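**Student:** One structure, pasted below without further comment.
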There are 2 protein chains.
Amino acid sequence: MIKTILLKNRPEGTPSMSDFEFISEESDLNIKEGELLLETTYVSVDPYLRGRMSAAKSYVPSFELNKPIQSGVIAKVIASKNKNFAVGDFVSGMLAWKTKQVSNGDGLLKVDGSKAPLSTYLGVLGMTGLTAYLGLEQIGKPKAGETLVVSGAAGAVGSVVGQIGKILGLTVIGIAGTDEKIEMLKNKFGFDAGINYNTSKDMNADIAKAAPNGVDIYFDNVGGPISDAVLFNINRFARMIICGAISVYNNKELPKSISVQPFLVKNSALMQGFIVSNYADKFPEAMKQLSTWLADGKLTYTETIVDGFDNIPQAFIDLFEGKNKGKMIVKI
Amino acid sequence: MIKTILLKNRPEGTPSMSDFEFISEESDLNIKEGELLLETTYVSVDPYLRGRMSAAKSYVPSFELNKPIQSGVIAKVIASKNKNFAVGDFVSGMLAWKTKQVSNGDGLLKVDGSKAPLSTYLGVLGMTGLTAYLGLEQIGKPKAGETLVVSGAAGAVGSVVGQIGKILGLTVIGIAGTDEKIEMLKNKFGFDAGINYNTSKDMNADIAKAAPNGVDIYFDNVGGPISDAVLFNINRFARMIICGAISVYNNKELPKSISVQPFLVKNSALMQGFIVSNYADKFPEAMKQLSTWLADGKLTYTETIVDGFDNIPQAFIDLFEGKNKGKMIVKI
C-alpha cells in the first residue's frame, strides 16, 4: 500500500485540510536499470511551500493541482538498480509526499546518520541551516560588535541565524510570539534578548530598548507590522535580509505597510530578498562550516517532530500559527 | 547691503513662504588672512533640502532655526587673502543663502566657466550628475540590454539617469507628470518611452506595456504609489536605487504603501537607499566621465533658471509641484 498526498485546491488564505487529498494505491513499484526505490523516513514542512501552492507568478514553480506535493525528504533506499546507491543508504532530496517512490537518483544526496541525526539533514545541516548561514553572510555581511535582530526567531531558520550571529560576535535580539519561545531563545540558543510580539505594548520602543545602539542587520522571516517596527530602529548602512514574510503569506488582499523608501534613503540602508537556491555554488563551503559548528557543540537545534504520514498537512498548517519550535518535521 | 534668507519655522507639510525670513544688513564684510569674500552667482534648490528643514532624525544635519539655509552655490571671489583663490575666480560649494559671504575656502572647488556654463557645476557636473551616475552605477550595476525605469524622470537627477542609461545600452522608460515632460524625455533626452502618471489610468499596466521584458533597474526619486506600481513589474534580481521620495517628503503622517517584502523575496530583488555623499571617494572618476560625455555631446541637460535672490524660497517650493524641468537654479 502506497499513500500519496495531492494538492486538491489552491488555498485561499490559510490552507485547510480540504486543500489536500489522500490517495492509497495497491501497487508493486518495479524499478528499471538506473533507478532506486525509496521509503520515506522524514518529511520537512516549510512556510515557503505555501507560495508553491498558489498559481501566482513566482520563480519557484507552482505545484500542479491533483499532483503530489513535494518538499525536502529523507528516505531509505529499499531497492536499487543504480550503482551510486545501495540498499540501506539514506538520501535527502526534493521528493513527493508519498510513503514510497521511485527515483533515478538525480538531485539526491547521501546522508550519514552516524555523523548527525538523519532529521538534521532537513534542518540545521539542510536547507534551513544553509538559508540561515548564507542569508546572514551574503546579504547581512556581519561585523563583530554589530546588532542583529531576527524575526521568527524561534523558527527553524531564525534559531540558527541567532546562534550564528552569536558565533560571529554580534549582539542578537530575537522576536517571537510566546514567552516560552523567548525563554528558549535566551537559554537554549544564547540570544542576548527576546521580544514577545504578542505581549509587547509598543514594539518600536521595545526594540529600541533591546538594541540601544540601533539595528545593523535585520533577518526578516515574517514581514508585516513587526518589520515596520524594526525599520524605526535601523542604523545608517543597515542591511535587511528579506527571507520570508510568513505574516502575510496567507493574506487574500495585498498587504500594506509603512513606506520603507524614506527609511532606506535616510539611512542609506539595504533590503534584499533572499532565496537559498540562488547560492548553490556556496553550499559545499557552507555545509562544511555548519557541520563543524554542530560537531563542536557551537550550534544546537530544536525540532518539532510530528508522527505519521497522515499528519503532514496538519503539521504544515500549524506552521502558520507558530505551533512549531524550530524545524517542523514529520516522521513516517 | 547684504541679504540673507533664514529658516524661520520648520515646515509642516509643504513648505510655504512664511517658513522663510529675509533680512538685510548694511555691513562691510572684512576678510582676515586666509579668507575670501564671495558674491553669490547661482543658487541650487533641491528636494533633499526639505529633509534638512525638519527636526527629524537624519544623518544629514537639520538646519538651525533663525540661521541661514545652505545649499549648493556658485560664487565669484571678489576679495581674497587666501593664496588658493584669486579675485575673479568662480567657486562651487555648500554656502549660505546670502548675497555676499566670507569663507575660509574649506570645501570650495574652483570651477571653470570657459569649459562648461557655470550653472552646470550645480547640475550635470555637480551633485545632480554625481547622484545620477553613482546611484545608477554603484547600486544599479547596469548591464547592456536591461530595462531601466526612472521616476521623477524630467527632474534634474532623473533626466541625467535616463541619458546615462541610454549611453550604457539600456532600454529606458521615464515616469513624469505632464505630456510636455514626456515629450521632452523622448525627444530631448532619448528615453525609449515615457508614462504620464497624471493621465495614466493604470500605472501597473502602462509600465508592463512599456517594459515587456520587465524592469531590471528602478531609479526611484519619488516613492509612493508610482513606486508601488513599478514593484509589480520587477524582474528576478532587480535592483532599486532609492534616491528620493519627493511624493512623501511633505506628508504629515507616515505614508503607507503596499508591503515590499513579498516582492523582494519572490524576485530576489534589492532596494538600497542612496546618498551621494557616501561615495565621495568616487567623485573624481565620476566627474571625469560626466565631463567627457558632456563635451562629446552625449549628455545634455535642462535647467529652469529663476531670476533674483528674493525668489529662492518660491523656487524651492515650486519643486514640489514639479514646476521645474531639469535642474532648478536661481540666478542672482
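The values are calculated or read from the model by the stated rules, or taken from the named source; none is laboratory data. Please read all numbers here as calculations on a predicted model, not as lab measurements. So basically every Cβ, Gly included, is an ideal-geometry build from the backbone, and we count neighbours across all protein chains shown.
**Student:** If we only count strands (runs of 3 or more DSSP E) wholly inside segment B:1-110, which ones have 3 or more residues that are more than 26 Å from the chain's Cα centre (by Cα), surrounded by 14 or more Cβ atoms within 10 Å (Cβ to Cβ) and more than 14 Å from every other protein chain (Cβ to nearest Cβ)?
**Tutor:** Ranges flagged: B:70-80.
**Student:** So which of A:Asp310, A:Asp318 is more than 14 Å from every other protein chain (Cβ to nearest Cβ), over 29 Å from A:Asn213 (Cα atoms), under 21 Å from the mean Cα position of the chain (by Cα) and acidic (Asp, Glu)?
**Tutor:** After ruling out the rest, the residue left standing is A:Asp318.
**Student:** Any idea which of (1) farther than 18 Å from B:Ser44 by Cβ; (2) in contact (Cβ under 8 Å) with a residue 12 or more places away in the chain is the one B:Leu290 doesn't satisfy?
**Tutor:** In the conditions (1) farther than 18 Å from B:Ser44 by Cβ; (2) in contact (Cβ under 8 Å) with a residue 12 or more places away in the chain, B:Leu290 misses (1) alone.
**Student:** For segment B:211-226, which positions are away from chain A (no Cβ under 14 Å) and free of Cβ contacts under 8 Å to residues at least 40 places away in the same chain?
**Tutor:** B:Pro212
**Student:** OK, next. Going residue by residue through segment B:294-308, is there one that turns out to be farther than 25 Å from B:Ile164 by Cβ, not aliphatic (A, V, I, L, M) and not assigned by TED's automatic domain parsing to the domain that holds B:Val161?
**Tutor:** Taking every residue of segment B:294-308 in turn, at least one turns out to be farther than 25 Å from B:Ile164 by Cβ, not aliphatic (A, V, I, L, M) and not assigned by TED's automatic domain parsing to the domain that holds B:Val161.
**Student:** I want to confirm something. Restricting to segment B:111-139 and keeping residues that are among the charged types (D, E, K, R) and more than 27 Å from B:Thr171 (Cβ to Cβ), which single residue is surrounded by the fewest Cβ atoms within 10 Å (Cβ to Cβ)?
**Tutor:** In this case the residue turns out to be B:Asp112.
**Student:** If you don't mind, another one. Could you tell me whether B:Ala280 is surrounded by fewer than 16 Cβ atoms within 10 Å (Cβ to Cβ) and either modelled with pLDDT under 95 or touching an Asp or Glu at 6+ places or on another chain (Cβ under 7 Å) (or both)?
**Tutor:** When the stated conditions are applied, B:Ala280 passes them.
**Student:** While we're here: Pick out the one residue from B:Ala238, B:Ala245 that is among the hydrophobic types (A, V, I, L, M, F, W, C), assigned to a loop (DSSP other than H, G, I, E, B) and either within 10 Å of chain A (Cβ to nearest Cβ) or surrounded by fewer than 19 Cβ atoms within 10 Å (Cβ to Cβ) (or both).
**Tutor:** After ruling out the rest, the residue left standing is B:Ala245.
**Student:** For A:Lys256, all conditions in the list (1) within 14 Å of another protein chain (Cβ to nearest Cβ); (2) within 21 Å of A:Met53 (Cα to Cα) hold save one; what is the number of the exception?
**Tutor:** (2)
**Student:** Which of the residues belonging to segment A:310-332 are assigned to a strand (DSSP E or B) and surrounded by fewer than 21 Cβ atoms within 10 Å (Cβ to Cβ)?
**Tutor:** A:Lys331
**Student:** Same structure again: So which of A:Ala210, A:Ala229 ends up being buried (at least 18 other Cβ atoms within 10 Å of the Cβ), closer than 13 Å to A:Leu148 by Cβ and among the aliphatic types (A, V, I, L, M)?
**Tutor:** A:Ala210
**Student:** Report yes if A:Gly244 is out of contact with any Ser or Thr (no Cβ under 7 Å at 6 or more places or on another chain) and either within 30 Å of A:Leu49 (Cα to Cα) or free of Cβ contacts under 8 Å to residues at least 24 places away in the same chain (or both), otherwise no.
**Tutor:** Spelling it out, A:Gly244 is indeed out of contact with any Ser or Thr (no Cβ under 7 Å at 6 or more places or on another chain) and either within 30 Å of A:Leu49 (Cα to Cα) or free of Cβ contacts under 8 Å to residues at least 24 places away in the same chain (or both).
Matching residues to (1) closer than 20 Å to B:Gln138 by Cα; (2) in a helix (DSSP H, G or I); (3) polar (S, T, N, Q):
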| position | (1), (2), (3) |
| --- | --- |
| B:Val230 | no, yes, no |
| B:Glu253 | no, no, no |
| B:Asn278 | yes, yes, yes |
| B:Asp281 | yes, yes, no |
| B:Glu285 | yes, yes, no |
| B:Gln289 | yes, yes, yes |
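**Student:** Quick check: is even one residue across segment A:301-309 out of contact with any helix residue (DSSP H, G or I) (no Cβ under 7 Å at 6 or more places or on another chain), part of a helix (DSSP H, G or I) and at pLDDT 95 or above?
**Tutor:** Checking segment A:301-309: at least one residue is out of contact with any helix residue (DSSP H, G or I) (no Cβ under 7 Å at 6 or more places or on another chain), part of a helix (DSSP H, G or I) and at pLDDT 95 or above.
**Student:** Being among the aliphatic types (A, V, I, L, M), outside the structural domain of B:Phe85 (by TED's automatic domain parsing), assigned to a helix (DSSP H, G or I) and touching a residue at least 60 places away in the same chain (Cβ under 8 Å) narrows it down to one of B:Leu148, B:Leu136, so name that one.
**Tutor:** B:Leu136
**Student:** Evaluate segment B:175-186: report whether one residue or more is part of a strand (DSSP E or B) and of a type in the set (Asp, Glu).
**Tutor:** No.
**Student:** Could you tell me whether B:Lys266 is surrounded by fewer than 24 Cβ atoms within 10 Å (Cβ to Cβ), within 10 Å of chain A (Cβ to nearest Cβ), in a helix (DSSP H, G or I) and of a type in the set (Lys, Arg)?
**Tutor:** yes
**Student:** Looking at (1) surrounded by 17 or more Cβ atoms within 10 Å (Cβ to Cβ); (2) within 14 Å of chain B (Cβ to nearest Cβ); (3) of a type in the set (A, V, I, L, M), which is the one condition that is false for A:Ala286?
**Tutor:** Unmet for A:Ala286, out of (1) surrounded by 17 or more Cβ atoms within 10 Å (Cβ to Cβ); (2) within 14 Å of chain B (Cβ to nearest Cβ); (3) of a type in the set (A, V, I, L, M): (2).
**Student:** Can you pull out every residue in segment B:188-207 that is buried (at least 23 other Cβ atoms within 10 Å of the Cβ), in contact with a strand residue (DSSP E or B) (Cβ under 7 Å, 6 or more places away or on another chain) and either more than 26 Å from A:Pro262 (Cβ to Cβ) or among the hydroxyl-bearing types (Ser, Thr, Tyr) (or both)?
**Tutor:** The one that is buried (at least 23 other Cβ atoms within 10 Å of the Cβ), in contact with a strand residue (DSSP E or B) (Cβ under 7 Å, 6 or more places away or on another chain) and either more than 26 Å from A:Pro262 (Cβ to Cβ) or among the hydroxyl-bearing types (Ser, Thr, Tyr) (or both): B:Phe191.
**Student:** Do you know which residues across segment B:187-205 are at negative phi, in contact (Cβ under 8 Å) with a residue 12 or more places away in the chain and assigned to a loop (DSSP other than H, G, I, E, B)?
**Tutor:** B:Lys188, B:Phe189, B:Phe191, B:Asp192, B:Tyr197, B:Asn198, B:Thr199
**Student:** Oh, and also: Among the candidates B:Val124, B:Val102, B:Val91, which residue alone is under 22 Å from B:Phe63 (Cα atoms) and either at pLDDT 95 or above or of a type outside the set (Ser, Thr, Tyr) (or both)?
**Tutor:** Being under 22 Å from B:Phe63 (Cα atoms) and either at pLDDT 95 or above or of a type outside the set (Ser, Thr, Tyr) (or both) holds for just one of B:Val124, B:Val102, B:Val91, which is B:Val102.
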